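Just so it is clear, none of the values below were taken in a lab; they were calculated from the coordinates. What you see is a predicted model; the values in this text were computed from it and never measured. Reconstructed Cβ throughout: ideal geometry from the backbone, glycine too, with neighbour counts over all protein chains shown.
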Amino acid sequence: MTLPPMKRILLKLSGEVLMGEQEYGIDPAYVTRLAEEVKAAKETGLEMCLVIGGGNIFRGISAASRGLDRTTGDYMGMLATVMNALAMQNALEQLGVETRVQSAIPMASVCEPYIRRRAERHLQKGRIVIFAAGTGNPFFTTDTGAALRAAEMNCDALMKGTSVDGVYDRDPKLFPEAKRFDTISYGKVLSDNLKVMDATAVALARENAIPIVVFSIREKGNVARVLAGEGVQTIVQAQD
């Protein structure tokens, strides 16, 4: 199944992909490789915005399970997403791509505050906008932040770049016989508790009729292939 023509997309990347082959942190060489893919996708004429998780640096839920206050942990995770956003901005601008970082938590010394109309203007001018710090509130994941920004920016699709090449009926890393879906409904994802994105993000995408495209970001050149309808992917959308 191919995607309809798109003008604007939001690309959601998990923080873990910025690690490359490392166990934690940011691998500058791998970030540059990802930036090259983002640039290639933008050069097809798309308006693009990004959301990057912070799991390569800090994960609030994991810290909460070890005794740290959940609210404090989530705020620390939001700061990690700002670090990742700045790393991606640096890589993109070294490739000549104008980029702006907007944070849901104001920090004027390092990036812009999130202002929807300003972000809209940046996109219209051909800049890439990276949304950082999630929704700015604890207890919400960066997946939910991505779905929210995709709705606010009127994006035609939410592209979820992850470590697997789509949505499966069970974890393909644990069950080699797991079945991959080419397309699946929002309702099926929610009712079967499939770990595509968190339930709040999927419900928000459903309410705003934004298809979620799940694909592997680790395969070089895959962003452009998926956008061209040639890559392996799963499309989560409303179905008859």
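Summary table
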item	result
Debye, to nearest 20: dipole size of region 8-236, +1 on Lys, Arg Cβ, -1 on Asp, Glu Cβ	400
Cα point-scatterer Debye curve for region 8-236, base-10 log of I(q)/I(0) at q = 0.09, 0.17 Å⁻¹	-0.33, -1.31
Residues whose placed amide H lies under 5 Å from that of GLY55, excluding near-sequence neighbours	GLY15, GLU16
Over the chain: helical MRE at 222 nm, DSSP H runs n ≥ 4 each giving -39500 (n - 2.57), nearest 500	-11000 deg cm²/dmol
Added length on full extension, which subtracts the Cα-Cα distance from 0.36 nm per residue, SER191 to ARG118	22.6 nm
GNM flexibility winner over the chain from VAL214, VAL189, VAL51 (Cα, springs under 10 Å)	VAL189
Region 1-110: proportion of alpha-carbon pairs further apart than 18 angstrom, %	54
GluC sites (Glu not before Pro) within region 1-103: DSSP coil, no more than 11 neighbouring Cβ in 10 Å	GLU21, GLU23, GLU43
Under 15 Å, Cβ to Cβ, from TYR24 - net charge with Lys/Arg +1 and Asp/Glu -1	-3
Gaussian network model of the chain, springs between alpha carbon atoms under 10 Å - residue of ALA132, ALA209, ALA119 with greatest fluctuation	ALA209
Efficiency of FRET between SER163 and LYS7 - r from beta-carbon atoms, R0 22 angstrom, step 0.05	0.20
Choice from MET153, MET19, MET107 with maximal GNM fluctuation in the chain (Cα, 10 Å cutoff)	MET107
q = 0.25, 0.29 Å⁻¹, region 63-115: log10 I(q)/I(0) [Debye, one scatterer per Cα]	-0.93, -1.08
Debye intensity ratio I(q)/I(0), log10, region 99-188, q values 0.13, 0.15, 0.19, 0.25 Å⁻¹ (C-alpha model)	-0.58, -0.72, -0.94, -1.28
